[in-house]
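Take a look at the structure set out below.
The values are calculated or read from the model by the stated rules, or taken from the named source; none is laboratory data. Nothing here was measured: the structure is a model prediction, and the numbers come from that model. Backbone-built Cβ (ideal geometry, glycine too); neighbour counts: all protein chains shown.
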Amino acid sequence: MVTVIDGLSLGAIYALIALGYTMVYGIAKMLNFAHGDIIMVGAFAIFVTFSTLGHPLIAILVAVVICTVLGVTIERLAYRPLRTASPLAVLITAIGVSYLLQGIAQLIFGAGNNPVNFLASLGVVSFSLFGSQINVSWSSILTVGLGAILMVGLTLFVKYTRTGRAMRAVSEDRGAATLQGIDANKIIMITFAIGSFLAAFASLFYLSKTPVNPTFGSMPGIKAFTAAVIGGIGSIPGAMLGGILLGMIETICLSIPAISSYTTAIEFSVLIIILMIRPIGLLGKKRRVKV
Amino acid sequence: MKTLKYFKKQFAVKHFISYFVLIGVILVMAVLSATGALSRSAYSTLTKIGYSMILAVSLNLVVGFLGELSLGHAGFMCVGAYIGCFIFNLLEPVTGSGILTLIIAMLSGGVSAAIFGFIIGVPALRLRGDYLAICTLAFGEIVRNVFKNLPFFGGAKGLNTGLFDRTTLLFVTLVTVLVVLAIVQNLIRSKHGRAITAIRDNEIAARAMGVNVTYYKLLVFVLSAFAAGLSGVLYGKAVGIIRQDNFSYNYSIEILVMVVLGGIGSMNGSLIAATIITAVTVFLQNPPPAIRDALNLGDDTLAIVKTIAYAVILILIIMYNNAPVFAGLREKLSIKKLFAKFKKKDPGNISADEAKWDRITTKIEMDEVLRVDVKKREGELTDPDKPERGAK
């Protein structure tokens, strides 16, 4: 039971990050490798604000604002000039941005670990189920709950608002959407803003699991990216499914001593196996290739 | 007369310049090491440059000619290093620690990496672009995770390989660079190389023209992995202990930086960039104390600056080569134009001369006619003639 809740909470974190990857991929047709490092920046923002002001809510607010602004800035400066370039060029630029953010963070904060644990200080909830005592930390419950709210909100946003409809149109066919009067650049910018907004929350939740350092974002970033690909990159429900699936696999593997040290290998093998069976991911849409 | 001209064209000096330079380097090194002028650190730096060259050239084959991004090159190197050095350790009591054992170890490391290249190449046949990139990244992480947990490879402490004789290792490395370069260059300039670039430019069209896409994709992956495996064994014997942390995703990126810095698709560029980046890295890892004191820097500040510099270089080069904003600047600074000025040739004719080879002037003329009153506007999405590779 505890494993399931922990798995869900890790899965919710992965899903939140994966949503950022998948939305950007669906709409701008590029892999934003720097997404994991936006999480790192968000975590440092929380660390700095929390240790100077001591108020968790302000810290979260600051992190959200910084992440969103950062996401939009990266899009404007690094990716928009390359809108017509080959995917390989954009991908390499994204890797460059990721390195740049890590380097700058290392220059400012050093390579050491900075623990922030106001979520962990919320304590644990105990209750009994089928006669056995179960302890679940508040941070896990908060992660799952808030994660679910954010994901439902996002789904509703994309489905029912005008902007959401424009996003889906751009994702379907950018040229045709532009002809309908949709400003594709603006929509892509909004997508980056939403992705980074979700990343800020992901950084908050991930802080309850590990202390922040300059490479804080790279592992959850790669894992969440894996999750997005497993679910079918470009598909929003796919990212949620993939994230939760990966979180569960990771937690279950870690809880079995015989295979716990091979967790990373198992997770990535799942990715490769799924891609071999279904190259578009679990919920991905198949597109015809034309010459 | 015609044959003579043909041979002259085939054996143009520019095709062989990298071999001449490399052989020159080997001869100079031979003289220097015979006179004892090379210090211990010079040997290790030169060996490091050598195996970095092998890595850059083999990654360039995948990125520049097959057009697929591989983020797991360090993973292949890791397989080669572990298996090759393990076999070296096994053979050492039997055949001694001579050059023969080293060559057997290198071949076995290369072959085992090539087998993994084949394994990763199979899903690669069904995947494209971004999906393949994440698949290779995943592969690199799997390899590291598995080697970390296998007890007979030393586990997390790493595999102890023992240092090889410095002088022999340097020359083996340089000769390997030469061999790998020759294989790769000849592959590219052959019929097979044209098939590979055809797949890069348009896979469906290449398939329609009868190119065996499966065969060539696997060939490139296997060959590139084999070279990375060779380089892994050289690395293992140069550093004495292999630890899986050193083959992380970051190292794959470092190799990618070499390829991008040298120019995607340019082998000579890869060689030069591998030399520069490795030399700079070695310099920054052990900066002369005088400089460190003068700048009053901490121990790792220079390493961090290196990371930032890599990132900035990577972004700027891609921007410069791809962004429409810089098209004007690119035109102005193009080397071809500078040469044209030098030769007093009209720069306007260069592109026309180049276009002559395929003789589809009708299409070009038609485009010119059609383009007269259709000006390309700022922010236009795609060139209608050229569908996006990502669009399916």
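Across region B:32-83, what is the total count of residues that are part of a loop (DSSP other than H, G, I, E, B) and surrounded by fewer than 19 Cβ atoms within 10 Å (Cβ to Cβ)?
Count: 4.
Residue by residue through region A:270-284, note down the ones that are at the interface with chain B (Cβ under 8 Å from one of its Cβ atoms) and not β-branched (Val, Ile, Thr).
Passing the criteria: A:Leu271, A:Leu275, A:Met276, A:Pro279.
If you scan region B:158-180, which residues turn out to be at pLDDT below 90 and among the polar types (S, T, N, Q)?
B:Asn160, B:Thr161, B:Thr167, B:Thr168
Given the options A:Glu250, A:Glu267, name the one that is closer than 21 Å to B:Ser248 by Cα, buried (at least 17 other Cβ atoms within 10 Å of the Cβ), within 9 Å of another protein chain (Cβ to nearest Cβ) and acidic (Asp, Glu).
Residue meeting the stated conditions: A:Glu267.
Please enumerate the residues belonging to region B:146-163 that are in contact (Cβ under 8 Å) with a residue 24 or more places away in the chain and in contact with a helix residue (DSSP H, G or I) (Cβ under 6 Å, 6 or more places away or on another chain).
Selection gives B:Phe147, B:Lys148, B:Phe153, B:Ala156, B:Leu159, B:Thr161.
Can you tell me which residues in region A:164-193 are surrounded by 15 or more Cβ atoms within 10 Å (Cβ to Cβ) and more than 14 Å from chain B (Cβ to nearest Cβ)?
A:Gly164, A:Ala166, A:Met167, A:Arg168, A:Ile190, A:Thr191, A:Phe192, A:Ala193
Considering region B:127-160 alone, what residues qualify as being of a type in the set (A, V, I, L, M) and surrounded by fewer than 20 Cβ atoms within 10 Å (Cβ to Cβ)?
The answer is B:Val146, B:Leu150, B:Ala156.
If you go through region B:311-327 one residue at a time, how many are of a type in the set (A, V, I, L, M), assigned to a helix (DSSP H, G or I) and within 7 Å of chain A (Cβ to nearest Cβ)?
7
Tell me, please, whether a residue that is out of contact with any Leu (no Cβ under 8 Å at 6 or more places or on another chain), more than 9 Å from chain B (Cβ to nearest Cβ), modelled with pLDDT of 85 or more and more than 26 Å from A:Met30 (Cβ to Cβ) can be found in region A:215-231.
no
Residues B:Leu27, B:Leu90, B:Leu69, B:Leu32: which one is of a type outside the set (D, E, K, R) and in contact (Cβ under 8 Å) with a residue 12 or more places away in the chain?
Within the list B:Leu27, B:Leu90, B:Leu69, B:Leu32, the selection yields B:Leu69.
Looking at B:Ile183, B:Ile272, which is the one that is β-branched (Val, Ile, Thr), modelled with pLDDT of 90 or more and not assigned by TED's automatic domain parsing to the domain that holds B:Val146?
None of the other options fit; the residue is B:Ile272.
Hey, among B:Leu329, B:Leu302, B:Leu295, B:Leu333, which residue is in contact with a helix residue (DSSP H, G or I) (Cβ under 6 Å, 6 or more places away or on another chain) and at pLDDT below 80?
B:Leu302
Only residues in region B:257-268 that are more than 15 Å from B:Gly67 (Cβ to Cβ) count as the first member; pair them with residues that are modelled with pLDDT under 85 and aromatic (Phe, Trp, Tyr), Cβ under 8 angstrom, at least 6 apart or cross-chain, and list the lot.
Short answer, once both residue conditions are applied: B:Val257/B:Tyr310.
Does A:Phe33 satisfy being under 29 Å from A:Leu245 (Cα atoms), touching a Leu at 6+ places or on another chain (Cβ under 9 Å) and of a type in the set (Phe, Trp, Tyr)?
Against the criterion (under 29 Å from A:Leu245 (Cα atoms), touching a Leu at 6+ places or on another chain (Cβ under 9 Å) and of a type in the set (Phe, Trp, Tyr)), A:Phe33 qualifies.
Is it the case that B:Ala273 is in contact (Cβ under 8 Å) with a residue 60 or more places away in the chain and surrounded by 15 or more Cβ atoms within 10 Å (Cβ to Cβ)?
It is true that B:Ala273 is in contact (Cβ under 8 Å) with a residue 60 or more places away in the chain and surrounded by 15 or more Cβ atoms within 10 Å (Cβ to Cβ).
I want to confirm something. Restricting to region A:74-119 and keeping residues that are of a type in the set (S, T, N, Q) and within 18 Å of A:Gly221 (Cβ to Cβ), which single residue is nearest to the chain's Cα centre (by Cα)?
Here the residue is A:Ser98.
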